[in-house]
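Reading through the C-alpha cells given below for one structure.
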Amino acid sequence: MRPPSPRRIAAIARVETKRLVGDRLLLGLILLLPIVQILLYGYAINLNPQHLRMALAANDARAIQPMLEQARSQPAVDLTGPVGPPGSAQEAVRTGKAVIGIEVDRRPDGRPPEVQVFADAGDQQTVRDALGVLQTRIWKGVAENYAGDQTPEVRIRWLSGRTASPSINLDWSIAPGLVGMVVMITMLFLGALTLVRERETGSWESLLATPVTPADALIGKLAPYLAIGVFDTGVLLLAVHWLFDLPLPPATWALIAAAPFFAGAYLILGFAFSALAQNQMQAAQGAALFYLPSLLLSGFLFPFEGMPRWAQAIGWAMPLTHYLRATRDVLIRGEGALSVAGHMLPVLAFEALASVAAILAYRRRLD
C-alpha cells in the first residue's frame, strides 16, 4: 500500500474546495448559520428576568405597602394590577395571568405577617428567575422596612393544576418541551431529505413518468412521515410519564390529536427546503438554519419573557412555541382540550404559509 502523497492530497483538496465554492447556496448557508447563532445567543437570549407578571393580594393593604413599593421599583417584574383581596393572587397564577402570586396575611395578634408565594409550575424556567428577583431584591428591601422580629415568614408553594405543593419535580420544566422538540427535529429533517434524496437517486423522475400525478406522489411520500410524527408524539408522552413521573391527564388526547398539525407544519417546511436544495447537504443546512431559532426562541431552554420584543415576535411565529405551551398547559397546569385548540391556531397559520412556500418551491423545481 502506497503511503499518502502530499501532492495527491493537495490536488483532491483543491477539487473539493472548488466544488464547495461553486455551490453558492451551501456556502451561503454555512456562512449564515454561525452568524445566526451569534445573533441569537448574543442579543436574543437574556438570562436576566424582564417584565415577569406578578400579582399581589392582602387582607390589609398596609401590610403589603413596603413590598408594593419595592416591586414597582424593579424593572424585572410587572404588577398585573392593584392589590387584590385574599385568594386573588393565587387565582391569577392558576389562570395564567401571572407567573408569581403573593398573598400577605397580616395577623391581628402582632405576629409577623405570613406571606405565601404561589409559583406557576408550568413555566419553571421563568419562575425560578422571578423567585431569585424576589429573594435578592424585593425581600431584602421589605425586610429593611420591618423591625427585626417582624420580618415576614415566607412560604413558597408551586401550583400544578389544582394542586399547591411546597416542592415540584424540577424535571417537569424540561420534560414537556422534549416532546415537541424531538418531533420538530425529526419532521424537519425527514421533510428536508425526502425530495432531494429521491432526485439524487433518480427515483422521483421515474415516479413522475408513471400515470401518478405530482400531487399524488407528494401526498403519498409525506403521509407515512406524518404518521411517524403522530406515533412519536404518543411514544414520547408515555416516555416522559414513565421517566419523569409527569401526569397524563384526560386532555392528553388533545395533544395527540394536535400532533398531525404540529408535525405537518415542520414536515411541509422541510419539503420546501428539499425542493429548493440541489443536494442533501444543502437541505440539511437549511433545516438546521430554521430549527435553531425554533429551539432557542420557543421558551424551551431560556425564559421567553427575558427576550427582547423582536426575538419574542420571531419565537411567537414558531410552531414549537405554541405546542410547548400546549403541553405545559395540559400536563402540568391540568387544563383541558380547549387550551390546546387555542394554541393550535397560530400553528395552522404557519402550516398554511409553509404549504404555499412548498408549492412554489416545488413548481420552480419542476420548471
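Points to keep in mind about this one:
- Global form of the range 277-367, assessed from the alpha-carbon gyration tensor, a/c cut-off 1.5: prolate
- Dipole of the range 294-364, positive end: most advanced residue of 360, 312, 338 [Cβ charges, Cα centre]: 360
- Fewest-first ordering of 120, 78, 232 by other beta carbons within 10 Å of each residue's beta carbon gives 78, 232, 120.
- Inter-probe distance in nm under a simple model that places probes 7 Å from Cα toward Cβ, at residue 221 and residue 256: 3.0
- Ranked 314, 332, criterion: other C-beta atoms within 10 Å, fewest first: 314, 332
- Least to most buried among 274, 88 (fewest other Cβ within 10 Å first): 88, 274
Read the figures in this text as sums done on the coordinates, not as results from a lab. Since the structure is predicted, the reported quantities are computational estimates derived from the model, not experimental observations. Because the Cβ atoms are built from the backbone with ideal geometry, glycine has one as well, and the counts that use them run over all protein chains shown.
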